[in-house]
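The values are calculated or read from the model by the stated rules, or taken from the named source; none is laboratory data. Values in this document were obtained by computation on a predicted structure and should not be read as measured data. Cβ sites come from the backbone with ideal geometry, for glycine too, and all protein chains shown count toward neighbours. Just the protein is used for accessible areas: all its heavy atoms, side chains included, with ligands, DNA and RNA removed. Shrake-Rupley method; radii C 1.70, N 1.55, O 1.52, S 1.80 Å.
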Amino acid sequence: MMKPIASKIALNLILLSAATKSFAANEFAANEKVEQLFEQTCAACHGQSLKGAMASSLLDNQWTTDGSDSALQRAITEGLAGTSMPAFGKTLTPEQIRTLVVYIRESAYRATQTNDSLSKLDKPLTTKHYTLELSEVTSNNGIIWAMDFLPDGSLLYTIRHGELWHLSPTGEQTLIKGTPTVWHQRQGGLLDVYPDPDYANTGWIYLSFSKPAGINAKGEAIAFTSIVRGKIRGGNWVEQQTLFEADAHNRKNQGWHFGSRIVIQGDFLYFTNGDEGHQNDAQLITTQNGKIHRIFKDGTIPKDNPFYHQANAQKTIWTYGNRNAQGLTIEPTTGNIWSTEHGPRGGDELNLVKKGANYGWPTVTFGMNYDGTPITPNTELPDMQSPILHWTPSIAVAGINFYTGDLFKAWQGDLLVGSLAKMQLHRLRIENGKVIEDEVLLNGLGRIRDVVSAPNGEIYVTINDGDTKTSKIYAIRPKITP
Ligand code: HEC
């Protein structure tokens with residue numbers, strides 16, 4: 001929709017002549033924080049809170065341009081003909097202009113978050129197709145990180161501080177004894193649990209966790225991502241085998257971006273290993289961090305892995321340039337593997353996982369640093385795999401699962417996506433490799449770290465309360481109205 005702009009032009013012209021003087025080249029340090037940048041360069045016309053002043057609001061989703069990222073980027077770079085919007089292409093770097101676009105998106109998102117848009121358990125949870133009913137399955141202390149069903153309908157779940165729990169179909173809870181000792185600091189701990197798809201015959205259960213690696217030269221405690229499998233017998237974790245560990249010389253994680261989700265397809269086990277807070281490593285094929293890996297279920301390495309024959313390469317690498325993938329799942333109808341990846345501030349990603357592909361981090365991203373300074377102007381580059389979808393602002397995208405049940409017939413084949421910071425459950429419809437719908441089903445109930453399509457057709461979500469450090473698992477079903 002076009003905005004009435006003519007009436008504002010006269011005022012803007014006065015302001016423009018005053019404003020232009022201050023736009024001297026190099027006046028803004030390239031690492032200027034976006035909040036200051038906006039205040040000094042844009043607020044005079046668009047208002048301090050972006051609500052509009054001489055120029056119109058940047059929050060109301062009413063655009064003079066077509067409103068796309070690239071159109072906003074172009075308007076800021078080249079100015080807008082026929083209006084007093086100045087061209088900033090000579091005074092701001094492309095990186096800075098990208099941070100301004102992210103900032104506009106974040107601010108516009110905040111403006112839509114009213115009390116009405118939040119889900120509450122005591123009011124109808126309406127969605128496009130169904131009204132939802134939630135019931136509590138279990139609750140426990142700590143952060144439930146992952147869950148998955150066994151063929152008998154019982155549920156396994158991990159708590160990040162290092163516990164694996166078994167919940168029987170009749171509701172009996174057992175803490176499994178003898179699971180590995182984990183390094184529980186910052187984002188580290190016991191992470192994913194994934195039963196062998198052939199569990200009925202093999203009995204294997206796969207875990208990922210942060211393993212202590214002593215202290216580094218500076219005296220700081222460090223850890224790395226480890227993948228193991230074992231069996232549960234009589235409430236005990238037994239027969240453990242280690243399948244993957246970082247090489248001793250590259251154990252340096254001080255608490256960030258461990259990954260790490262697991263999926264198994266046929267004989268292959270895929271797992272994510274975050275960049276461990278060393279972002280430039282993501283582009284190196286010599287290290288384990290910032291990658292998605294493929295190994296056989298017994299831990300041996302397939303010879304047709306993309307870098308298997310390359311000297312010095314980490315032979316388990318399947319993809320690289322990944323920041324911190326905390327969602328990984330197989331699409332049942334196609335066999336495609338999908339991942340979700342936390343962006344920095346902006347630029348959370350949904351990716352189709354392709355052999356040998358470079359997902360670009362940190363050379364390419366839709367986001368900026370948490371402090372509002374730029375990372376890169378590049379949102380895409382040749383030879384780097386672009387996401388299928390990106391969320392800017394970030395929702396802190398977490399566990400994902402395709403819905404395969406019968407209770408929500410209209411959602412069959414849709415991808416369910418959990419979010420931490422924005423506390424949302426999304427439903428994505430994907431057609432021919434493109435997301436054609438992104439519906440927020442739940443908003444604000446708590447941090448949703450994992451979601452599973454349950455065998456009985458319900459949707460299970462783990463909800464963490466960031467303040468009390470307790471977690472609940474909820475079952476979601478359609479509310480039948482009498
Ligand atoms: C001298 C006044 C002025 C300044 C300074 C200014 N703008 Fe604008 N801007 C305008 C006007 C006028 C328009 C066009 C119509 C409107 O929004 O009123 C506009 C349009 C835009 C648009 C396109 C919006 C749309 O509707 O498609 C964007 C994006 C934008 N400005 C961002 C910025 C950013 C970011 C800055 C700071 C780097 C900035 N502007 C600084 C006056 C200004």
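Could you state the orientation-averaged shadow area of the convex hull built on the Cα atoms of the chain, in nm² to one decimal?
Details: hull surface 102.5 nm².
For the chain, the mean projected area of the Cα convex hull comes to 25.6 nm².
Rolling a 1.4 angstrom probe over the protein heavy atoms, how many square angstrom per residue are accessible across segment 180-283? Each step should come with its number before you reach the end.
Numbers: 4060 Å² over 104 residues.
Heavy-atom accessible area per residue stands at 39 Å².
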Fill in the blank from the handout: So, over other residues within a Cβ distance under 11 Å of GLU39, counting Lys, Arg +1 and Asp, Glu -1, the net charge is -1
Completion exercise
Here segment 449-462 yields Karplus 3J(HN,Hα) values (6.51, -1.76, 1.60; θ = phi - 60°; whole Hz; Gly and Pro given as x) of 9, 9, 9, 9, 7, 7, x, 8, x, 6, 10, 9, 10, 9
Practice task
Determine which lysines satisfy two conditions relative to LYS355: a Cα distance under 16 Å, and not lying fewer than 8 residues away in the same chain.
Solution key: LYS291, LYS303, LYS315
Problem - Part-to-part distance (alpha-carbon centres) for segment 210-235 and segment 167-192, which is given in Å - result: 14 Å
Practice task
Can you spot the lysines whose alpha carbon is less than 26 Å from LYS469's alpha carbon? Ignore those fewer than 8 places along the same chain.
Solution key: LYS120, LYS123, LYS177, LYS211, LYS422
Fill in the blank from the handout: Of the residues TRP318, PRO374, PRO302, the Cα lying farthest along the dipole of segment 282-393 towards its positive end, which is defined by charges on the beta carbon of Lys, Arg, Asp and Glu, belongs to PRO302
Fill in the blank from the handout: Counting only protein heavy atoms and rolling a 1.4 Å probe, one gets per residue an accessible area for segment 298-369 in Å² of 32 Å²
Fill in the blank from the handout: The percentage of the accessible area of the chain (probe 1.4 Å, all protein chains present) made up of carbon and sulfur atoms, to the nearest whole number, is 52 percent
Practice task
With an 8 Å cut-off on Cα pairs and a minimum separation of 6 or more residues, tell me the relative contact order of the chain in percent.
Solution key: 12 percent
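Give, rounded to the nearest 20 debye, the magnitude of the charge dipole that the chain has about its Cα centre when Lys and Arg contribute +1 at Cβ and Asp and Glu contribute -1 at Cβ.
Working: 44 positive and 48 negative charges, 85 e Å.
Dipole magnitude for the chain comes out near 420 debye.
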Practice task
As a check on your grasp of the helix formula, calculate [θ] at 222 nm for the chain: sum -39500 (n - 2.57) over DSSP H runs of n ≥ 4, divide by the residue count, round to the nearest 500.
Solution key: -4000 deg cm²/dmol
Completion exercise
Here the alpha-carbon Rg of segment 294-334 over 2.2 N^0.38 Å rounds to 1.37
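Would you list VAL137, VAL34 from the most to the least accessible area, probe 1.4 Å? All intermediate terms of the calculation are to be shown ahead of the outcome.
Details: VAL137 50, VAL34 0 Å².
Largest accessible area first, the residues go VAL137, VAL34.
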Exercise for the section: Round to the nearest 10 and report in Å² the accessible area of THR158, as given by a 1.4 Å probe over the protein chains' heavy atoms. Expected result: 0 Å²
Problem - Length-normalised contact order for segment 145-381 - Cα pairs under 8 Å, 6+ apart - percent - result: 11 percent
